[in-house]
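Working notes for the structure below.
The values are calculated or read from the model by the stated rules, or taken from the named source; none is laboratory data. Note that the structure is a prediction, hence the values are computed from the model and not measured. Cβ: placed from backbone, ideal geometry, glycine included. Neighbour counts: every protein chain shown. When the accessible area is computed, the model is the full protein with side chains, heavy atoms only, and any ligands, DNA or RNA have been set aside. Shrake-Rupley method; radii C 1.70, N 1.55, O 1.52, S 1.80 Å.
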Amino acid sequence: VTSIARISVMPKLSRSPTSYDMKKTAKERTVSAIGGRMAILIGAGGSCVMNALMGLCALTLVNGDTGSDTIARNFLSIYSMLYGLNMYFQSFGAVAIVKCNAPWFHVRERGVFGAIFGILISLGIYFAFDIGYKIVSTEALGVTGVFFVPAFLLFIFWFIDSIVLYLYFETFSLFQRG
């Protein structure tokens with residue numbers, strides 16, 4: 001990625017953390033209704049799908065496959081939408097983790113926990129761009145790896161979470177028990 005492309009795209013993509021925070025507030029009621037465990041799965045699954053779609057678009061562009069012209073003409077719109085949806089699903093996970101962990105802390109400690117968690121989210125965004133740059137720089141993975149690696153990791157964690165929830169929580173109803 002050239003520095004000119006990075007300069008022109010990054011300000012538009014940097015709006016996503018703002019939408020992440022704004023949507024998080026609206027999502028708190030939804031998470032309360034569906035439960036923190038289900039929200040964790042929705043967040044991980046949705047982010048997995050969005051990263052995979054961004055990776056498929058990048059792969060199509062790199063290989064010059066069918067549809068690459070359409071993706072190239074609408075690059076900013078497609079990636080802004082997919083990245084914004086990725087942040088939307090990530091905020092499901094953040095609210096869910098706070099909801100699931102809140103009972104562990106006394107009411108007076110919850111504000112400190114929320115502040116620490118907010119710092120961790122900010123560090124996550126920093127590391128995503130920092131590690132993402134290293135993945136893009138790797139010859140074997142290239143630009144598609146920056147999307148497929150997180151999608152793969154999110155799928156693994158979604159799978160592990162769904163198995164753990166099925167095995168250890170009788171009240172969890174993602175899967176019907178016979």
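Details
- Helices (runs of 4 or more DSSP H) wholly inside segment 1-114 that include at least 3 residues being modelled with pLDDT of 75 or more: 15-34, 36-63, 68-73, 75-101
- When residue 78 is tested against (1) within 23 Å of residue 149 (Cβ to Cβ); (2) crowded, with 17+ Cβ neighbours inside 10 Å; (3) within 17 Å of the chain's Cα centre (by Cα); (4) of a type in the set (Val, Ile, Thr), exactly one condition is not met: (2).
- Number of positions in segment 128-149 that are of a type outside the set (A, V, I, L, M, F, W, C) and open to solvent by less than 40 Å² (accessible area, probe 1.4 Å): 4
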